[in-house]
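A.B. asks: What follows is a structure written as structure tokens; I'll ask about it next.
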Amino acid sequence: MGLTYEQAGVNIAAGNALVKAIAPLARATRRPGADADLGGFGGFFDLRAAGFTDPILVAANDGVGTKLKLAIDLGRHDGVGIDLVAMCVNDLVVQGAEPLFFLDYFATGKLDNGVAEAVVASIAAGCIQAGCALIGGETAEMPGMYAAGDYDLAGFCVGAVERGQQLTGGAIQPGDVLLGLASSGVHSNGFSLVRKLIEVNGWKLDRPARFDSERLLGDILLEPTRIYVKSLLPEIRVGRIRGLAHITGGGLLENIPRVLPDGCHAKVDADAWPLPPLFSWLQAGGNIEPEELARTFNCGIGMVVAVAESDAEAVAAALTDAGETVHRIGMVEAGQRGCTVRGSDETWSGRGCWSATHHHG
């Protein structure tokens, strides 16, 4: 009797069972323009049904980085899908785009349907938070490519913005106010350093954090990335937001300059918001220099919003009403394109450069 695909390590029946199991999860993400049924060779999306008349499409793809390794080691798969969606949709909304549909790629050496279903359930949860439809994806079982129990994720999202309403940062000018929206934690950047700190210090992830006795350290570190889409879109559409910067790898120093026009320099006051205890803990654990901390982590600010001084109070109030924690963190001044962050004891600067790559570590 000849060899079979299953004997080579690929179980087609398990893959088909997974597709059947996750179909209801995808259907739960239905929105105008997509019915979110799975099983075809591609997913359809109707822009007209979604309410667009002359749209420009915007696309983004991303991953979770080595936060995924921490989740695998802890057996916690219920949040990484939200991270995956967040890293894509937050990059779309900074362009002024509404996320429309999402596709995922799940790759592993041997398919564990329980793990895969938990991951896809969290992807669907992220899509619901962002208002986009999960219309397809790929599950790849590749024996020999991954260590036992390991898997990797990639996400792909497409959004749309009406022509003329896209955000490019070109409207930002000296005198504008910078509002910072609080992060939910480390988000999905800097986890190679986090994992190194865990190793060096012998931190126990299954014990309460020393800075928060009510929560396990592992739960705090795996808190999913905050999705800012639904709070920001209304303010984008009324034209009160001039620019947005998603604070990912590179922190405030590298990401704010990406949306600044020439002749504009961001001045950020690091004392304008409290550094969350988690970041103080990480800093102390590795004796990390403040500039290194600011270039590696979001330090409590996950999104920066540039608005005219005359709109700052109204926008801050609207975003607060939408559930965001808002801090007035700085101003835009005339000068060389870049960002300077000043705290009570430290000053550091970054010129930043546009890049299509985020560093997740």
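A.B. asks: Treating the angle as unsigned and between 0 and 90°, give the value, to the nearest 10°, between the Cα long axis of helix 309-321 and the longest Cα principal axis of the chain.
C.D. replies: Taking Cα atoms only, the helix is inclined about 40 degrees.
A.B. asks: Between Phe41 and Tyr146, what FRET efficiency comes out of the Förster formula 1/(1 + (r/R0)^6) with R0 = 25 Å and r the beta carbon distance, rounded to 0.05? Mind showing how you got there, number by number?
C.D. replies: Details: r = 26 Å, r/R0 = 1.03.
So, using R0 = 25 Å, E works out to roughly 0.45.
A.B. asks: Answer with one residue from Gly169, Gly180, Thr340: the one whose Cα lies farthest towards the positive end of the charge dipole of the chain, charges on Cβ with Lys, Arg +1 and Asp, Glu -1.
C.D. replies: After comparing all options, I get Gly169.
A.B. asks: On to the next question. How would you rank 188-195, 89-96, 113-120, 238-245, highest first, on the average number of other Cβ atoms within 10 Å across their residues?
C.D. replies: Working: 188-195: 22.4, 89-96: 25.5, 113-120: 18.5, 238-245: 20.0.
Most protected by this proxy first, the peptides run 89-96, 188-195, 238-245, 113-120.
A.B. asks: Follow-up question, since we're still on this one. Apply the Karplus curve 6.51 cos²θ - 1.76 cosθ + 1.60, θ = phi - 60°, to the phi angles in region 296-305 and return the couplings in whole Hz, x for Gly and Pro.
C.D. replies: 9, 10, 7, 6, x, 10, x, 8, 10, 10
A.B. asks: Angle, helix 80-93 long axis vs. longest principal axis of the chain, Cα atoms, 0 to 90°, nearest 10?
C.D. replies: 50 degrees
A.B. asks: Helix 277-286 versus the longest principal axis of the chain: what angle, 0 to 90°, nearest 10, using Cα atoms?
C.D. replies: 80 degrees
A.B. asks: With a 1.4 Å probe and all protein chains left in place, how much accessible area per residue does region 121-193 have, in Å²?
C.D. replies: Working: 2550 Å² over 73 residues.
Per residue, region 121-193 has an accessible area of 35 Å².
A.B. asks: Quick one: which of 326-337, 297-308, 162-173 comes out on top by average Cβ neighbours within 10 Å, and what's the full order, highest first?
C.D. replies: Working: 326-337: 17.9, 297-308: 25.4, 162-173: 15.3.
Top to bottom by mean Cβ count within 10 Å: 297-308, 326-337, 162-173.
A.B. asks: Arrange the peptides 77-84, 50-57 so that the one whose residues have, on average, the most other Cβ atoms within 10 Å appears first.
C.D. replies: Working: 77-84: 24.9, 50-57: 14.2.
So the order, starting with the most tightly packed, is 77-84, 50-57.
A.B. asks: A further question on this structure: Quick one: which residues, 5 or more positions from Ile135 or on another chain, have an amide H under 5 Å from its amide H? H modelled 1.01 Å from N in the peptide plane, none for Pro or chain starts.
C.D. replies: When sequence neighbours closer than 5 places are left aside, the close amide H contacts are Phe102.
A.B. asks: While we're on this one: Based on the inverse mean of 1/r over its pairs of different Cα atoms, what is the Kirkwood hydrodynamic radius of region 112-190, in Å?
C.D. replies: Values: mean 1/r = 0.0586 Å⁻¹.
One decimal place: 17.1 Å for the Kirkwood radius.
A.B. asks: Could I ask something else about it? Could you derive backbone 3J(HN,Hα) for region 203-210 from the dihedral phi with the Karplus parameters 6.51, -1.76 and 1.60 (θ = phi - 60°), listing whole Hz in sequence and x where the residue is Gly or Pro?
C.D. replies: 5, 9, 6, 9, 10, x, 5, 5
A.B. asks: In terms of modelled amide H atoms, which long-range or inter-chain residues lie less than 5 Å from the amide H of Thr225?
C.D. replies: Sorted by chain and number, the residues that satisfy this are Asp83.
A.B. asks: Work out, step by step, the length gained on full extension between Ser344 and Thr168: first 0.36 nm times the residue separation, then minus their alpha carbon distance; give nm to one decimal. Please report the intermediate quantities before stating the final value.
C.D. replies: Details: separation 176, 0.36 × 176 = 63.36 nm, distance 3.22 nm.
My answer for the length gained is 60.1 nm.
A.B. asks: I would also like to ask the following. Can you flag which of Lys69/Lys204; Lys67/Lys196; Lys69/Lys110; Lys67/Lys110; Lys69/Lys230 are past 18 Å Cα-Cα?
C.D. replies: Numbers: Lys69/Lys204 16 Å; Lys67/Lys196 12 Å; Lys69/Lys110 16 Å; Lys67/Lys110 20 Å; Lys69/Lys230 29 Å.
Flagged as over cut-off: Lys67/Lys110; Lys69/Lys230.
A.B. asks: Another question about this same structure. Quick one: Karplus J couplings for region 146-160, per residue in order, coefficients 6.51, -1.76, 1.60, θ = phi - 60°, nearest Hz, x for Gly and Pro?
C.D. replies: 10, 5, 4, x, 7, 8, 10, 10, 9, x, 9, 9, 10, x, 9
A.B. asks: Determine how many Å³ per residue the convex hull of the Cα atoms of the chain encloses.
C.D. replies: Each residue corresponds to 142 Å³ of Cα convex hull volume.
A.B. asks: Under the rule of at least 5 residues apart or a separate chain, name every residue whose amide H is placed under 5 Å from the amide H of Met303.
C.D. replies: Here the answer is Leu181, Ile247, since their amide H atoms fall under 5 Å of that of Met303.
The values are calculated or read from the model by the stated rules, or taken from the named source; none is laboratory data. These figures come from a predicted structure and were not determined experimentally. Every residue, glycine as well, gets a Cβ built from its backbone with ideal geometry; the counts of neighbours run over all protein chains shown. We work out accessible area using only protein heavy atoms, side chains counted, and drop any ligands, DNA or RNA first. Shrake-Rupley method; radii C 1.70, N 1.55, O 1.52, S 1.80 Å.
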